[in-house]
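**Q** The structure is given below, and queries will be raised subsequently.
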């Protein structure tokens, strides 16, 4: 598994609502990026930071289409990948786990992407597994056409949608997709001690 998967953490974005770089926020003395990296390395052979202020990091891939948003980050990850699959996770999902990533990999057969669906029914393209070749080609076509939403990429390839019911019994499932976007979100998770 580790040889066929490369991990990527999206660190771009303006963090307007947070007011500071989300990738550098800490929980229990560990940055979001460090937490996510540790979990990714349980299933992938490498972790690369994509976009944003991570340029001074050793494993870094720049955005090919700067300021293009999340789809641009997904595209840059796919373009930088040397594996057949890319596990792409946004830096503001610090509670995603190796167990979740492993499950996505296990159900990938015959798919070009594997994406979970949150408990509220919203698909999550920024905590998903992408088969590099077909997804990179489609992502480039979509960006050239003006598309910016990564969920549109998932809707354009053969995606294995993972219902929340499938992953609900995994440890921490209720927090996998806790998106830390605002100072209030950050205060809430710090007070919970998660």
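**Q** Evaluate the relative contact order of the range 5-192 (contact order divided by residue number), counting alpha-carbon pairs under 8 angstrom at least 6 apart; express in whole percent.
**A** It rounds to 25 percent for the range 5-192.
**Q** Taking 0.36 nm per residue of sequence separation and subtracting the Cα-Cα distance, how much length would be gained by fully extending the chain between residue 109 and residue 67, in nm to one decimal?
**A** 11.8 nm
**Q** Just want to confirm a number: the relative contact order over the range 95-148, from Cα pairs under 8 angstrom separated by 6+ residues, in percent.
**A** 27
**Q** Which FRET efficiency value, to the nearest 0.05, do you get for residue 163 and residue 60 by plugging their Cβ-Cβ distance into 1/(1 + (r/R0)^6) with R0 = 30 Å?
**A** Efficiency, from the Cβ-Cβ distance: 0.30.
**Q** Let me ask something else. Can you show me the helix-derived [θ] at 222 nm for the chain, built from DSSP H runs with n ≥ 4 at -39,500 (n - 2.57) apiece and divided by the number of residues, rounded to the nearest 500.
**A** Estimated from H runs of four or more residues: -9000 deg cm²/dmol.
**Q** Sticking with this one: Going by how many other Cβ atoms sit within 10 Å of their own, how do 31, 11, 97 line up, fewest first?
**A** Going from least to most buried by this count: 31, 97, 11.
**Q** Which residue fluctuates most in the GNM of the chain (Cα springs below 10 Å): 179, 28, 59?
**A** Looking only at 179, 28, 59, the largest GNM fluctuation is found for 28.
**Q** What share of the DSSP beta bridges in the range 5-192 is antiparallel, in percent to the nearest 5?
**A** Restricted to the range 5-192, the bridges split so that about 40 percent are antiparallel.
**Q** Just the Cα atoms of the range 57-100: what Rg and Dmax do they give in Å?
**A** Cα only, the range 57-100: 11.5, 32 Å (Rg, Dmax).
**Q** Now for a separate question. What is the calculated FRET efficiency for residue 174 to residue 152, with r their C-beta to C-beta distance and R₀ = 22 Å, to the nearest 0.05?
**A** Using R0 = 22 Å, I get an efficiency of 0.20.
**Q** Moving on. Compactness ratio of the range 77-194: Cα Rg over 2.2 N^0.38 Å, N = residue count?
**A** That works out to 1.10 for the range 77-194.
**Q** Largest first, please: the extent of the C-alpha atoms of the range 18-114 along each principal axis, to the nearest Å.
**A** Its Cα atoms span 41, 33, 23 Å along the three principal axes.
**Q** Over the Cα atoms of the range 133-194, what Rg and Dmax result, in angstrom?
**A** In order Rg, Dmax, the Cα atoms of the range 133-194 give 16.7, 44 Å.
**Q** Set the Förster distance to 41 Å, then compute FRET efficiency between residue 3 and residue 187 from the Cβ-Cβ distance, nearest 0.05.
**A** 0.50
All of the numbers you see were taken from the coordinates with simple rules; none came from a lab. All values derive from a computational prediction rather than experimental measurement. When we count neighbours, we look across all protein chains shown, and the Cβ atoms used for this are built from the backbone with ideal geometry, even at glycine.
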